[in-house]
């Protein structure tokens, strides 16, 4: 191995680290973060981008350097040095990725846990909800008894504000949101800022997936099964809701919006829409189509 | 000297032959035909996606194209192309005259053309539109006959790849020439062992899933249909139990190709032979226990998501070993930048990106954001195009002189590489930010805010399409007017170069001589007890003949 | 050289005396074992799907599934297990170059195999549920049907061995690939049946 002088290596290493660290924070690839979960995921992604940038530069650098430096001269028929391996080096490049993926796995686990992915209570909530709801099929109800919750439950951290529950039904090609507290039905999702929202989701026909890009969360919506998604919006505004599981020809058109209101605006919206219930009922499917 | 030995006539390549070399070429040409078909479908899709509205084709037809594109590229292009190299090279590399079961081998190939044409015929009854994954319940409600043809074709093609795998394993394990122990066989054979193990263990499970899906579709059972009490998630598990290993089935043979190409054109021994050999087996084993990472956002409970995240991330370690070893192989060598080497280096740099994004999508919280988006589309194209297809072209340029007896035109080869590399990156690199920003996959219509980026992608895909022409011209021109290839134009050490180009029927004029390891470049290979022929071959490799 | 197509070793099941060309050793048995490993994965797929359904459905078999009649399947099990031993006697006979013995024992095995298939058909015709009655019924027919298909193939293999054994010297104590292949396949089908019997019949009892 043709190892450059120590100082050069050091300078290269420092430059590499700095570039990676800078790019890991400034890649600008993610859309705005509108929920607590989103900032967690972005932190994780930034770390992964930092490591990926570093590795990318090292390996591509080695390739480009080799191609420039180690070219065969015209007419040179000799072979390169007969190096068949280097055990310490091989151990090193086995160990480093091992450590990296170990760190990433632990960090991902932490983030996932914070997002509520391992919430053991979720399954209980979910069953009670199922029992109260109108599940005519006893089979379906019973079916879920032995299952763990699918999706994201309450985060184990922070104060446990009772979440706003919304029932979500995915059908080809629309989302229908049902607010059990007030009986409101809507084709768009409206939620207050800084309060946990819990979506109890099911599908009416085929598989769908409920995706909020600005919230960095996604969960498949499965006919005959309930899944849930809990998140806390932190930023007011209007964001897309997208179906991310192929559900038919107009899959690309199956989207609507989520509006994060300030608490007052949200109350206003609930009031407006609870009274206007009768009119909106019929239009629900159409709203989703837009 | 070559005239004494019988050669294949060109007609032999169009009929039923049990010669592994003929079958290998037949596989490669058939697969390439389907690559053009699948590629044409991709170009229609990209043209449609140049604008946000579904204005070129109906969304139903878009979904058909998308389903067919995926299925064709996987089952009729990359998997058979891997089998092509395996068929052609394994007996030559291990110094034997044919496969263990030549007739079975021919049958395995002859399933593919009718299977592929049957598959294409599904357009007459409405092609399947549920994606290559065919998730129920959607696959049960979007056209019965298209879907059924999809199932039958995949079963047929799966059978073909299983028959091939039985052959490869038996041949590699049982038919090596007497002096060749398992640790001195070429790495391509190791990678085919790892691949075949996955085919043998994985494909039958897919078959089971598809048989049950077929019952649901035709007979009205409800294995996977929630409306009748079944469970669509069970299908996903069975499907991915095969289809994740399938990714390795598609990439491992080409890891093998790279391990062959790099040492020859860098004039250096492969770095870490055993590490590369065993990391392939490790990938193969781990590949069997990671399938549910395709289902992180699906019906997978939290703890199971964590388990599959851990196993998936571990795969980065053996993959990393391979990539680093390849880099170390070229480091300090004497690199000839010919077409084969260019594609091999293109493989290294593109596959690296696919590998890095692969570790990212293995992380559950991040995958919950990008699953089923263009980020994932970018990821697997970097693995399967940047990985498999680049390595495949490296292999084609490397072994074309052996297969045809003609040298290729290097200038056209370099043009092919540059167009492919630029087109490929222009097509798939922008898909990463697209996915992260919120563009989901498998859609015919999308948010207008993504249009600029999509136009860029479409232009890239056109460059990729154009890149095929220099390749085709090169192949046909070289076959017709190319310079005659010597036995060993690259001065390589593996046994396939010890016979004429193209090799005679039954491969070797006389028993091949194992006078060096497959990668002993630069190692002093002094003549073995003054054997004249060995001296000749030594001189040939040293370039002084 | 043009005749190389005819010259080369036969496809798995085929049992030419010639064991490949140019004196390669015979690898067909190895190929058969690879095939059986692969085939067992198919069954593993079916069995796992069945077990998952069993695990996630709280009422299993689903309500309204009639009790399975056990008499016929038990007889079937006994017949199939016994047939494996009978068949082995045939192979032992061949090892002593006793072709008549081979024909006798393989003949009995074939009859037992057909008896099994008849018993299975009897069960199908008398079952109180159809293919689409519910998930359990569908699984029952898919699993037993796929196994029955394997038994049918096994019977055909045995019959083809019997057919070939009429040729003088086709099988001998030193050339018996077809006999061994048929036998190992039959044992495989037998073992699969035992697993299937436990899963589909016995586990429903409790």
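FYI, it's all coordinate maths here, none of it is from the lab. In this text, all values refer to a predicted model and were calculated from it rather than measured experimentally. Cβ coordinates were reconstructed from backbone atoms using ideal geometry, including for glycine residues, and neighbour counts include every protein chain displayed.
Can you pull a Stokes-Einstein diffusion coefficient for the stretch B:267-319 at 20 °C (1.002 mPa s), Rh from Kirkwood over Cα pairs, as a whole number of µm²/s?
Diffusion coefficient, whole number: 173 µm²/s.
Quick one: helix B:302-314 against the long Cα principal axis of chain B, what's the angle to the nearest 10°, folded into 0 to 90?
Rounded to the nearest ten degrees, it is 20.
Which value, in Å to one decimal place, does the Kirkwood hydrodynamic radius take for the stretch B:375-461 when every pair of different Cα atoms is included?
Here the Kirkwood hydrodynamic radius works out to 14.6 Å.
Equivalent-ellipsoid semi-axes (√(5λ), Cα gyration tensor) for the stretch C:26-204, whole Å, largest first?
Sorted largest first and rounded, they come to 35, 17, 11 Å.
Could you tell me the extents of the protein assembly as shown's C-alpha atoms along the three principal axes, largest first, rounded to whole Å?
Its Cα atoms span 98, 83, 51 Å along the three principal axes.
Treating the angle as unsigned and between 0 and 90°, give the value, to the nearest 10°, between the Cα long axis of helix C:177-196 and the longest Cα principal axis of chain C.
Approximately 10 degrees, to the nearest 10.
Would you order B:379, A:27, A:208, B:265 from fewest to most other beta-carbon atoms within 10 Å of each residue's own beta-carbon?
A:27, B:379, B:265, A:208
Take the Cα gyration tensor of the stretch B:1-108, multiply each eigenvalue by 5, square-root it, and list the three semi-axes largest first, rounded to whole angstrom.
That gives 39, 13, 11 Å for the three semi-axes.
Taking only Cα atoms of the stretch B:364-519, what ratio of Rg to Rh do you get with Rh as the Kirkwood inverse-distance radius?
A ratio of 1.15.
So what is Rg over Rh here for the stretch B:232-315, counting just Cα atoms and using Kirkwood for Rh?
With Rg and the Kirkwood Rh in hand, the quotient comes to 1.12.
So how far apart, in nm, are the two label points at residue C:160 and residue B:278 if each is 7 Å from Cα heading toward Cβ?
Here the modelled spin labels are 4.2 nm apart.
Using a 10 Å cut-off on Cβ to Cβ distances, tally the other chain neighbours for every residue of C:130-141 and report the average as a whole number.
Mean shielding count: 4.
Under the definition of Cα pairs under 8 Å and six or more residues apart, what whole-number percent is the relative contact order of chain B?
17 percent
Using just the C-alpha positions of the stretch B:72-178 as equal point scatterers, what log10 of I(q)/I(0) does the Debye formula give at each q in 0.18 1/Å?
-0.83
Hey, any idea what the orientation-averaged projected area of the convex hull of the stretch A:147-246's Cα atoms comes to, in nm²?
If you wrap the Cα atoms of the stretch A:147-246 in a convex hull and average its projections, you get 6.5 nm².
Hey, fewest Cβ within 10 Å first, where do B:152, C:68, B:89 land in order?
So the residues, fewest neighbours to most, are B:152, C:68, B:89.
Residue A:268 to residue A:106: extension gain in nm, 0.36 nm per residue of separation minus the Cα-Cα distance?
The residue A:268-residue A:106 span can extend by a further 54.0 nm.
Please report, in Å, the Rg and the Dmax of the stretch B:129-276, where both are computed over Cα atoms only.
19.7, 63
Give the average, rounded to an integer, of partner chain Cβ atoms located within 10 angstrom of each Cβ in A:234-245.
3
With a Förster radius of 35 Å, plug the Cβ-Cβ distance of residue C:118 and residue B:29 into 1/(1 + (r/R0)^6) and report the FRET value to the nearest 0.05.
With a Förster radius of 35 Å, E is 0.10.
What distance in nm separates the two pseudo spin-label positions at residue A:89 and residue B:476, each 7 Å out from Cα along the beta-carbon direction?
So the label points at residue A:89 and residue B:476 sit 4.6 nm apart.
Remind me, relative contact order of the stretch C:26-140 in percent, using alpha carbon pairs under 8 angstrom and six or more residues apart?
Once normalised by length, the contact order is 28 percent.
For the stretch C:141-192, what ratio Rg/Rh do Cα atoms give with a Kirkwood hydrodynamic radius?
Reported Rg/Rh (Cα atoms, Kirkwood Rh): 1.09.
Suppose the chain between residue B:144 and residue B:459 were pulled fully straight at 0.36 nm per residue; how much longer would it get relative to their current alpha carbon spacing?
109.8 nm
Where does helix C:135-165 land angle-wise versus the long Cα axis of chain C, in degrees 0 to 90, nearest 10?
For C:135-165 against chain C, the angle is about 20 degrees.
When all C-alpha to C-alpha distances in the stretch B:13-514 are sorted into bins of 10 Å, what percent of pairs does each bin hold, rounded to whole numbers?
All Cα pairs, binned at 10 Å, distribute as 4, 19, 31, 28, 13, 4, 0 percent.
Set the Förster radius R0 to 56 Å, insert the Cβ-Cβ distance between residue B:183 and residue C:125 as r into 1/(1 + (r/R0)^6), and round the FRET efficiency to 0.05.
FRET efficiency, residue B:183 to residue C:125: 0.45.
Take B:288, A:150, C:94, C:143 and order them by how many other Cβ atoms sit within 10 Å, fewest up front.
B:288, C:143, C:94, A:150
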